[in-house]
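In what follows, a structure is listed as structure tokens, so that the remarks can point back to it.
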Amino acid sequence: GVGSLSEAIKAGLERDARRLLGGDVALRLLHRPAMPEQRSYLNREGTLSEIIEMRAMARTVSGHKRTLVELKGVDQLYPLVGQIRLEGSNSIKKVLSKQGGMWGAIAEIGLLRKLNLKVGNSLRIGEAEFVITGVIVKEPDRIASVLSLGPRIMVSSKALPETQLIQPGSQIRFRYRVLLPETERVIDWIERLKEAFPTAGWRIRARDQATPGLQRFIDYITLF
């Protein structure tokens, strides 16, 4: 019974691996973005989406309340696979756009409760002020992320420079998701990528490695 349950969970993860990973291949760089020639290569080879993640402090405009958050900057193509669910039926592109001189931000309900805020209120991250335009219900690739130390807040990657948090030495994760043509074999594509950029220093994950931490946890629980 334990073995059957374990295999059923793993089969479910494999079935949804593309959505959980956010594409066919995911690349991660720490502290620095991909070089222009690397981005050009990835754009030629498939559909590329960039995500920038970091930990930051979010605070009310008055500064009386603050909390640690997982800040995620996304581009216009996010998510490449799957759908992000927000309260209501708003488009993510619309809620993260700049309106009235202020960028929009969407957050998990836990952040709003900690700061006693609601949709339409403003908060500050770094040196930038954002207006909360939506509440995140479900993030398609959240399970593939590292352990979170705070609630999620998501903004447009175009708004991140205004926070002034992207500085040398900052703990920033640059993630690149690539959606390949249906006729392309993932393993062959990864081998060509390694040959093209042998010293790139990025961590490469394919669909079969979408949730390695969760799969190890399942193995430990099954063994126990």
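What to note about this one:
- Summing Lys and Arg as +1 and Asp and Glu as -1 over all other residues whose Cβ lies under 9 Å from the Cβ of ARG177 gives a net charge of -2.
- The label point for MET57 and the one for GLU129, both projected 7 Å from the Cα toward the Cβ, are 1.9 nm apart.
- Annotation note: trypsin sites (Lys or Arg not before Pro) in segment 145-192 located in DSSP loop regions with a Cβ neighbour count of at most 13 within 10 Å are ARG185.
- Relative to the longest principal axis of the Cα atoms of the chain, helix 2-15 runs at roughly 70 degrees.
- Think of a 1.4 Å ball rolled over the protein heavy atoms: the chain then has 53 Å² of accessible area per residue.
- Local electrostatic count, ILE204, Cβ distance below 11 Å [Lys/Arg +1, Asp/Glu -1]: +3
- Of LYS98/LYS194; LYS65/LYS94; LYS118/LYS158; LYS94/LYS114, pairs whose Cα-Cα distance is over 31 Å: LYS98/LYS194
- Overall, the accessible surface of the chain at a probe of 1.4 angstrom is composed of carbon and sulfur to the extent of 53 percent.
- Electrostatic tally near LEU123: other residues with Cβ closer than 14 Å to its Cβ, Lys and Arg +1, Asp and Glu -1, net +4.
- Here segment 30-105 is treated with +1 on each Lys and Arg Cβ and -1 on each Asp and Glu Cβ, and its dipole about the Cα centre works out to around 360 debye.
- Lys, Arg +1 and Asp, Glu -1 on Cβ, resulting dipole of the chain about Cα centre, debye, nearest 20: 740
- Hydrodynamic estimate: the Kirkwood radius of segment 16-128 over Cα pairs, inserted into Stokes-Einstein at 20 °C and 1.002 mPa s, corresponds to D of 132 µm²/s.
- Distance histogram in 5 Å bins (all Cα pairs of segment 60-174, percent per bin): 2, 11, 24, 26, 22, 12, 3, 0
- Exposed GluC sites (Glu not before Pro) absent - longest run of the chain, DSSP non-H/G/I/E/B, at most 16 other C-beta within 10 Å: 1-86
- With N counted as the residues of the chain, its alpha-carbon radius of gyration over 2.2 N^0.38 Å works out to 1.08.
The values are calculated or read from the model by the stated rules, or taken from the named source; none is laboratory data. Note that the coordinates shown come from a computational prediction; the quantities given were computed from them, not determined experimentally. For neighbour counting, all protein chains shown are included, and Cβ atoms are generated from backbone atoms with ideal geometry for every residue, glycine included. With ligands, DNA and RNA removed, areas are computed over all heavy atoms of the protein, side chains included. Shrake-Rupley method; radii C 1.70, N 1.55, O 1.52, S 1.80 Å.
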